[in-house]
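Enquirer: Would you mind keeping the following structure in view while I ask a few things?
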Amino acid sequence: MANGILIWLALAYIAVAHTEEIPDEETHTSWWPTRVTTDTSSAIPSTTQNIDFEGSVQKALSWLVSQRESDWGWRNETPAVLMALQLAKQTRDSNSILPNALEMQLSAKQMEIEIVTLLWRHNEIPIVPPKLTQYALALSTLCQDPRQFHGHDLIGTMQHHEIVHDLDFAFTTLTACSANAHLRKKQIRRLLDIANAAKDHNIDTVAMVILALRCISKDHRHRNLQHSLRRPTINLAREQQPDGGFGNLYNTALVIQALQDITDASAHWNETGAKYYIESRQDPDGAFTDPGLTANVVLSLQGKGLGAIRTLNCGKSSPDLENHVDLDGLTNLQSKHGNDSEIRNVSITYTLWVGTNVTENYTMALIAPRNTSFYNVMVMAMDLDPHYTFEASEWPNGHYVHSIAGYKEEPMGYHYWLLYRLPEIPDPQAPPGNHLVAPVGVDGLLIEEGDHYLFWYKKL
């Protein structure tokens with residue numbers, strides 16, 4: 001065990017040596033670049049239908065591979081580049097330009113080291129939600145479940161943050177949706193509010209919101225959202241400028257992905273012109289300024305971009321095969337996503353007791369995927385019943401729950417919330433002993449069939 005920890009620390013040290021400093025939490029850094037370089041080029045040539053965009057993609061992919069460093073990563077751009085390369089492999093049967101399977105594995109391991117470093121240095125440098133979101137989305141692209149990353153639920157961690165900036169919020173929601181994670185109604189409502197007030201938001205924000213809503217609409221419960229997308233997509237399409245772009249390379253690449261294959265918007269923009277705008281700005285060596293922007297541009301020029309991650313075929317018989325999970329009357333879609341072939345649904349109960357003499361008692365039955373973290377179960381329960389509303393602080397080793405149902409821990413009065421894992425539903429007449437207190441926190445506690453969980457607010 002000690003040897004394993006030393007190896008991880010050594011690898012993490014290597015990653016730190018090859019990774020740029022991560023900005024402080026107070027500094028707003030979005031995964032999608034925000035540098036604006038408005039172009040004033042001439043209008044779209046009449047011969048755009050004959051442009052060989054595939055050649056531009058091949059040159060860009062070749063340049064990306066050439067920029068790989070000795071640790072098999074791309075510094076802070078590793079997740080963005082891995083997404084572009086992995087989706088490129090999905091659209092091409094064979095391509096000598098792309099890394100082989102072993103090389104992709106080495107780059108993926110380098111990215112895992114970067115994530116471990118990010119988590120390890122949490123006290124020193126707070127985790128910036130957009131950065132964690134980018135890593136989580138890259139894991140989904142590589143068919144790994146970001147909810148089960150070496151005992152950490154990356155999706156739960158990033159959703160726990162209150163995200164102020166609308167662009168970051170939309171990207172976080174898209175990432176959670178792509179991982180088939182549970183989305184709360186208030187998240188969807190916020191996306192719809194942004195979409196309905198598109199004129200008040202930047203182009204990149206509206207495009208990311210459309211991508212997130214399109215992902216959510218693939219869930220059968222939310223297919224009616226497709227009707228809500230019509231006006232925002234048409235309005236976004238009409239933002240196209242005479243040169244074919246949407247103000248700069250960053251926005252144009254994102255808009256192409258957002259509007260791709262949307263029939264309602266097709267009459268209001270020129271997709272070929274937008275791609276020409278991008279292709280005409282490619283450097284002679286195949287790059288588009290830097291690895292991060294080049295990766296994002298590749299996603300827009302090839303058949304699969306950010307919107308395709310949710311439906312990737314990760315060893316399933318059909319990319320659209322989904323497993324329905326009932327949550328106390330609500331259906332949450334969880335695909336067999338990742339490389340755990342034993343993912344299945346399990347039945348559990350979650351009980352709240354208030355008071356040493358149990359003056360309040362609530363119990364809820366839930367069905368969720370096996371090995372879901374109990375933190376995620378708490379989020380699901382909170383969405384279903386306001387009695388289960390909770391607050392938690394985030395620490396390097398996970399979340400610490402300090403308030404549930406309006407009752408906050410009072411150290412001065414020795415009142416605390418204790419979490420128990422029990423073999424049967426708890427009975428106030430025969431309360432459990434302290435030997436049944438869960439040995440790990442809510443993030444490390446993974447549910448199994450027939451488990452019964454009790455959060456008890458009592459005086460120690």
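The values are calculated or read from the model by the stated rules, or taken from the named source; none is laboratory data. None of these values were measured; they are calculated from a predicted model. Ideal geometry is used to build each Cβ from the backbone, glycine not excepted, and the neighbour counts take in all protein chains shown. Side chains are part of the model used for accessible areas, which takes the heavy atoms of the whole protein and leaves out ligands, DNA and RNA. Shrake-Rupley method; radii C 1.70, N 1.55, O 1.52, S 1.80 Å.
Enquirer: Which peptide among 108-119, 433-444 comes first, and what is the full order, when sorted by highest mean count of other Cβ atoms within 10 Å?
Expert: Top to bottom by mean Cβ count within 10 Å: 108-119, 433-444.
Enquirer: For Asp200 and Asp285, what does the FRET efficiency come to when R0 = 51 Å and r is the distance between their Cβ atoms, rounded to the nearest 0.05?
Expert: 0.85
Enquirer: Starting from segment 341-410, pick out the GluC sites (Glu not before Pro) whose DSSP state is loop and whose Cβ has at most 13 other Cβ atoms within 10 Å.
Expert: Sites meeting the loop and neighbour criteria: Glu342.
Enquirer: Further, regarding this structure: Test of the criteria: in segment 361-460, which trypsin sites (Lys or Arg not before Pro) are in a DSSP loop and have at most 15 other Cβ atoms within 10 angstrom of their Cβ?
Expert: In loop regions of segment 361-460 (DSSP not H, G, I, E or B), the sparsely surrounded trypsin sites (Lys or Arg not before Pro) are Arg370.
Enquirer: Report the chymotrypsin sites (Phe, Trp or Tyr not before Pro) located in segment 379-460 that are in a DSSP loop and have at most 11 other Cβ atoms inside 10 Å of their Cβ, or state none.
Expert: When the chymotrypsin sites (Phe, Trp or Tyr not before Pro) of segment 379-460 are filtered for loop state and at most 11 Cβ neighbours within 10 Å, Tyr414 remain.
Enquirer: For segment 53-311, what is the Kirkwood estimate of the hydrodynamic radius, computed as the reciprocal of the mean inverse distance between distinct Cα atoms, to one decimal in Å?
Expert: Here the Kirkwood hydrodynamic radius works out to 18.7 Å.
Enquirer: Using label points projected 7 Å from each Cα along Cα→Cβ, tell me how many nm separate His122 and Arg344, to one decimal.
Expert: Between His122 and Arg344, the simple spin-label model gives 3.2 nm.
Enquirer: If R₀ is 41 angstrom, what is the calculated FRET efficiency for the pair Arg231 and Thr356, using the beta carbon separation as r and rounding to 0.05?
Expert: Plugging the Cβ-Cβ distance into 1/(1 + (r/R0)^6) gives 0.15.
Enquirer: Also: Given a 1.4 Å probe, how much area per residue of segment 45-166 is accessible, in Å²?
Expert: 40 Å²
Enquirer: So if we plug the beta-carbon distance of Glu103 and Asn434 into 1/(1 + (r/R0)^6) with R0 = 51 Å, what FRET efficiency do we get, rounded to 0.05?
Expert: 0.50
Enquirer: What distance in nm separates the two pseudo spin-label positions at Met412 and Thr263, each 7 Å out from Cα along the beta-carbon direction?
Expert: In this crude label model, Met412 to Thr263 measures out at 6.5 nm.
Enquirer: OK, next. Please compute the length gained on full extension between Lys186 and Asn371, using 0.36 nm multiplied by the number of residues separating them and subtracting their Cα-Cα distance.
Expert: 64.0 nm
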